[in-house]
1. Report the Cys residues of the chain lacking a disulfide-compatible partner, meaning no second Cys Cβ under 4.7 Å from their Cβ.
2. Give, rounded to the nearest 20 debye, the magnitude of the charge dipole that the chain has about its Cα centre when Lys and Arg contribute +1 at Cβ and Asp and Glu contribute -1 at Cβ.
3. Charges only on Cβ, +1 for Lys and Arg, -1 for Asp and Glu: so what's the dipole of segment 1-57 about the Cα centre, in debye to the nearest 20?
4. What do you get for the angle between helix 86-96 and the principal long axis of the chain? Use alpha-carbon atoms, 0 to 90 degrees, nearest ten.
5. Add -39500 (n - 2.57) for each DSSP H run of 4 or more in the chain, then divide by its residues: what number comes out at 222 nm, to the nearest 500 deg cm²/dmol?
6. Using mean projected area of the Cα convex hull in nm² as the read-out, say which of [x] 5.7; [y] 13.5; [z] 7.2 was calculated from these coordinates.
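Read the figures in this text as sums done on the coordinates, not as results from a lab. Predicted, not measured: the structure shown is a model, and the values here were computed from it. Counting neighbours? That spans all protein chains shown, and the Cβs are built from the backbone with ideal geometry, glycine included.
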Amino acid sequence: MAYVITEPCIATCDTACVAVCPVDCIHGPIPVEAIDAIPSSERPARLGRVQLYINPTECICCGACALECPVNAIFDEDDVPEKWSGAIEENAAFFAR
């Protein structure tokens with residue numbers, strides 16, 4: 001099992017989840033430092049479809065990230081809402097590249 005980041009993260013990319021992850025398994029297509037440099041109010045316009053992802057082979061399922069996520073985008077793999085179920089495969093595919 002692993003935690004999965006879903007659609008509410010798109011263009012939000014709040015990195016609070018990264019800061020609390022004890023195994024550093026949350027990453028994005030651009031460095032977290034670059035995301036942090038963008039003011040929250042500008043992220044929707046500047047990040048487009050960018051989101052963060054959780055590496056399913058490194059995640060220890062502690063749940064710290066889900067508790068910290070301000071947009072409720074992170075779920076245990078078994079609890080991902082049906083409308084965002086494609087995020088499970090998308091998160092894994094991000095790390096398969």
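1. CYS9, CYS13, CYS21, CYS25, CYS59, CYS61, CYS62, CYS69
2. Once rounded to the nearest 20, the dipole reads 360 debye.
3. The dipole of segment 1-57 has a size of about 160 debye.
4. Roughly 80 degrees between the two axes.
5. That comes out to -7500 deg cm²/dmol.
6. [x]
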